[in-house]
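First up is the structure itself, then whatever we jot down about it.
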């Protein structure tokens, strides 16, 4: 791990911003201006598009950014991000965004890169804010998982924090190239969670992960109970498939139970006791989905596809 002595401004010039898109024209109306507003521009912005049929490619090219098109069947959360790692071979830092994450302000890239001044830091992820029209459930999830306090974790913190020590999100995250290459890039045989799986491997190599709330992006989802079930089926599958995450999970953090308790308390504080029923039903859906996901090997393939939010994943060899 080399020492970092150059200012943050120069780090931007050694950075590629990578955005994964699919029929993203609605989101690009906000995302493209957010990229153009940066005080310190990155070396390049690369869009990897999964054969969009709307105006996405035209909007990207009109904005002057680099565009790479892949088949929809070739997309994979880890696979496509590894493709960007290869394509952006001259960049020392890689910032990954999803199409529906809209960074805020004109210095978000600087804030996201600043922690790399510490040579031990391999991964930095920013704060995700709820959408303006977000539901109370949506807002609570963002406030719980993305607080205002920064955090730095290493391998030693897993015993105390469990899987929370490797929590991160590739919707708005930056990586040091040499560190990512040291772990062989992102795992590719996972339905989702390639970000946390990479974080676990990076910590295992002696690197640190940083949460930097000074870098902010609007990004949230209003999931139905059915969608929460599917999402947690995939999360349970992820934990069962990935040895490093499974080991981190064994360190009891009690985060899930704390989430439910705090969410119920928040509903009572808002004077919405009837919301508790919805919270309990949503929690039951998450628990059942996760429980089945951990036991995905016992579930017939056709049912895995139905229960997964990423059904195409199950078409892989």
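The values are calculated or read from the model by the stated rules, or taken from the named source; none is laboratory data. As the structure is a computational prediction, the values presented were derived from the model and not from experiment. With ideal geometry, Cβ positions are generated from the backbone for all residues, glycine too; neighbour counts draw on all protein chains shown.
Checked against (1) within 23 Å of residue 192 (Cα to Cα); (2) surrounded by 12 or more Cβ atoms within 10 Å (Cβ to Cβ); (3) without any contact (Cβ under 8 Å) to a residue 24 or more places away in the chain; (4) touching a helix residue (DSSP H, G or I) at 6+ places or on another chain (Cβ under 7 Å), residue 301 meets all criteria but (2).
Looking at region 43-56, is at least one residue buried (at least 17 other Cβ atoms within 10 Å of the Cβ), assigned to a helix (DSSP H, G or I) and touching a helix residue (DSSP H, G or I) at 6+ places or on another chain (Cβ under 9 Å)? Yes, because at least one residue in region 43-56 is buried (at least 17 other Cβ atoms within 10 Å of the Cβ), assigned to a helix (DSSP H, G or I) and touching a helix residue (DSSP H, G or I) at 6+ places or on another chain (Cβ under 9 Å).
Would you check if there is a residue in region 254-268 being assigned to a helix (DSSP H, G or I), closer than 30 Å to residue 117 by Cβ and touching a helix residue (DSSP H, G or I) at 6+ places or on another chain (Cβ under 7 Å)? Yes, some residue in region 254-268 is assigned to a helix (DSSP H, G or I), closer than 30 Å to residue 117 by Cβ and touching a helix residue (DSSP H, G or I) at 6+ places or on another chain (Cβ under 7 Å).
When region 202-218 is filtered for residues that are crowded, with 19+ Cβ neighbours inside 10 Å and closer than 14 Å to residue 181 by Cα, the ones remaining, listed by number, are 202, 203, 207. The sole residue among 126, 184, 162 that is on the phi > 0 side of the Ramachandran plot and either in the same structural domain as residue 258 (by TED's automatic domain parsing) or buried (at least 18 other Cβ atoms within 10 Å of the Cβ) (or both) is 162.
For region 210-239, residues that are in a strand (DSSP E or B) and either free of Cβ contacts under 8 Å to residues at least 24 places away in the same chain or out of contact with any strand residue (DSSP E or B) (no Cβ under 7 Å at 6 or more places or on another chain) (or both) total 1.
Scan region 64-83 and give yes if some residue there is more than 30 Å from residue 121 (Cα to Cα), touching a strand residue (DSSP E or B) at 6+ places or on another chain (Cβ under 9 Å) and part of a loop (DSSP other than H, G, I, E, B), otherwise no. Yes, there is a match, as at least one residue in region 64-83 is more than 30 Å from residue 121 (Cα to Cα), touching a strand residue (DSSP E or B) at 6+ places or on another chain (Cβ under 9 Å) and part of a loop (DSSP other than H, G, I, E, B). A count restricted to region 192-209 and to residues that are within 13 Å of the chain's Cα centre (by Cα) and either in a loop (DSSP other than H, G, I, E, B) or within 25 Å of residue 311 (Cβ to Cβ) (or both) stands at 7.
From the list 86, 90, the one residue that fits, being outside any helix (DSSP H, G or I) and over 14 Å from residue 24 (Cα atoms), is 90. On the given criteria, is residue 75 under 26 Å from residue 191 (Cβ atoms), modelled with pLDDT under 95 and buried (at least 16 other Cβ atoms within 10 Å of the Cβ)? Yes, satisfied.
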